[in-house]
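The values are calculated or read from the model by the stated rules, or taken from the named source; none is laboratory data. Only a predicted model underlies this, so the values are computations on that prediction, with no experimental measurement involved. Glycine also receives a Cβ, built like all others from the backbone with ideal geometry; neighbour counts cover every protein chain displayed.
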Amino acid sequence: MSREIVYLNGEFLPADQARISVFDRGFLFGDSVYEVIPYYRGVSFRLEQHLKRLGHSLAALRIPLALDWPGVLNELVALNGGGNLSVYLQVTRGDAGRRTPVYDDSMHPTCFACCNPIRDIYAAGPDGIEGIAVLVTADLRWHRCDIKANGLLPNILVLQQAREAGAQEALMIREGILTEGGSSNLFLVKCGVLYTPKLSSEILGGTTRELVLELAREAGIPYQETDLSYENLLDADEVWISSSTRAVVPVLEVDGRPVGAGVKGPLWRRMFELFSQFHHRLMTGEN
Ligand code: PLP
């Protein structure tokens with residue numbers, strides 16, 4: 001019996017006992033949405049923002065759902081020993097009993113959640129964070145990337161392409177405009193100003209992206225949300241990616257060329273420090 005406990009449709013049970021129907025629309029059509037939320041020492045990081053985005057994704061797909069997600073997730077984390085975990089949650093439109101693209105309003109959503117151990121990046125500190133290399137590649141996704149949907153094949157393919165080229169993330173570009181990473185948002189720094197692609201249906205509104213901008217605003221770091229080109233990327237002093245379980249990660253190489261001086265930049269160090277302070281306030285109950 002597996003010791004890992006998962007949540008499925010109202011029950012907490014060992015992972016190897018959880019079952020869904022082969023006619024579940026999440027399995028057949030990717031008719032589902034998800035979230036990934038970090039917990040540090042059992043405390044959630046930006047849960048409210050993740051649940052707000054989940055609400056946006058569910059509303060976009062017209063999947064009705066009323067569930068006490070905070071209660072479910074906090075219990076799941078406790079059952080898995082607390083600690084440093086990322087919680088994955090997925091809501092599918094449910095089991096239609098047969099394979100048919102059309103649906104009606106009588107369906108009951110399938111709700112699933114599980115945990116994965118994560119590294120405490122804040123304990124690692126800025127010197128413990130490794131810079132990464134990225135590969136720039138075509139954005140082959142649909143035009144509703146603001147929905148955190150499970151149709152992730154384009155993301156998987158570009159991430160695999162990056163890995164096989166010796167890079168750790170793929171940055172995607174559509175009609176000459178950079179969108180985001182395969183599983184992250186993009187930032188670049190030029191002459192002390194922070195730039196990031198503006199929110200649209202071409203990118204996911206990252207919860208970490210939102211926090212970067214919040215912290216930049218509070219700290220008086222100038223920033224702009226704007227269109228960015230490949231040339232802007234090559235010309236940047238610093239490039240970062242952001243995501244929930246990684247916070248902000250410095251990019252040291254783009255398509256084999258060094259970014260700026262090829263080392264972690266001063267503004268990244270400042271932002272990592274701001275994240276660490278935010279995390280500290282959260283852990284001590286000051287936020
Ligand atoms: N963009 C994409 C395509 C993602 O998959 C993710 C996270 O998985 C992000 C951005 C970052 O979002 P967040 O900061 O909420 O983790």
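Here are some notes:
This table checks each residue for (1) crowded, with 17+ Cβ neighbours inside 10 Å; (2) out of contact with any Leu (no Cβ under 6 Å at 6 or more places or on another chain).
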site	(1), (2)
Y195	yes, no
I203	yes, yes
G206	yes, yes
L211	yes, yes
L215	yes, no
Q224	no, yes
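Residue-wise test of (1) closer than 30 Å to D68 by Cα; (2) among the basic types (K, R); (3) part of a loop (DSSP other than H, G, I, E, B).
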residue	(1), (2), (3)
V87	yes, no, no
P101	yes, no, yes
S106	yes, no, yes
C115	yes, no, no
D127	no, no, no
A133	no, no, no
L159	no, no, no
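- Restricting attention to segment 254-287, the residues that are outside any helix (DSSP H, G or I), out of contact with any Gly (no Cβ under 8 Å at 6 or more places or on another chain) and exposed (fewer than 15 other Cβ atoms within 10 Å of the Cβ) total 9.
Yes/no matrix, rows are residues, columns are (1) assigned to a helix (DSSP H, G or I); (2) outside the structural domain of P258 (by TED's automatic domain parsing); (3) more than 10 Å from the ligand (Cβ to nearest atom); (4) among the small types (G, A, S):
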| site | (1), (2), (3), (4) |
| --- | --- |
| E130 | no, no, yes, no |
| L140 | no, no, yes, no |
| H143 | no, no, yes, no |
| A162 | yes, no, yes, yes |
| E180 | no, no, no, no |
| L188 | no, no, yes, no |
| I203 | no, no, no, no |
| L213 | yes, no, yes, no |
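- Filter pass, N116 being over 17 Å from L204 (Cα atoms), within 18 Å of the chain's Cα centre (by Cα) and without any contact (Cβ under 8 Å) to a residue 60 or more places away in the chain: yes
- Scan of segment 192-201 for residues that are assigned to a loop (DSSP other than H, G, I, E, B) and within 13 Å of the ligand (Cβ to nearest atom), ordered by number: P197, L199, S200, S201
- Residue tally, condition surrounded by 21 or more Cβ atoms within 10 Å (Cβ to Cβ), outside any helix (DSSP H, G or I) and away from the ligand (no atom under 12 Å from the Cβ), over segment 34-81: 2
- Residue list for segment 164-173, restricted to those being part of a strand (DSSP E or B) and either within 13 Å of the ligand (Cβ to nearest atom) or surrounded by fewer than 12 Cβ atoms within 10 Å (Cβ to Cβ) (or both): E169, A170, L171, M172
- Matching residues, segment 9-21, being in contact (Cβ under 8 Å) with a residue 60 or more places away in the chain, of a type outside the set (S, T, N, Q) and either over 14 Å from E75 (Cα atoms) or not assigned by TED's automatic domain parsing to the domain that holds L73 (or both): A15, A18, I20
- Enumeration of residues in segment 114-142 that are touching a Phe, Trp or Tyr at 6+ places or on another chain (Cβ under 8 Å), of a type outside the set (A, V, I, L, M, F, W, C) and more than 26 Å from D255 (Cβ to Cβ): N116, D120, Y122
- The number of residues in segment 172-182 being within 21 Å of S244 (Cβ to Cβ) and out of contact with any Lys or Arg (no Cβ under 9 Å at 6 or more places or on another chain) comes to 3.
- Filtering segment 215-244 to residues that are in contact (Cβ under 8 Å) with a residue 60 or more places away in the chain and not in a strand (DSSP E or B) leaves L215, Y230, L233, S244.
- Of all residues in segment 94-124, those that are over 30 Å from T208 (Cβ atoms), hydrophobic (A, V, I, L, M, F, W, C) and surrounded by 14 or more Cβ atoms within 10 Å (Cβ to Cβ) total 2.
- Segment 1-33, residues that are of a type in the set (D, E, K, R) and either surrounded by fewer than 17 Cβ atoms within 10 Å (Cβ to Cβ) or in contact with a helix residue (DSSP H, G or I) (Cβ under 7 Å, 6 or more places away or on another chain) (or both): R3, E4, E11, D16, R19, D31
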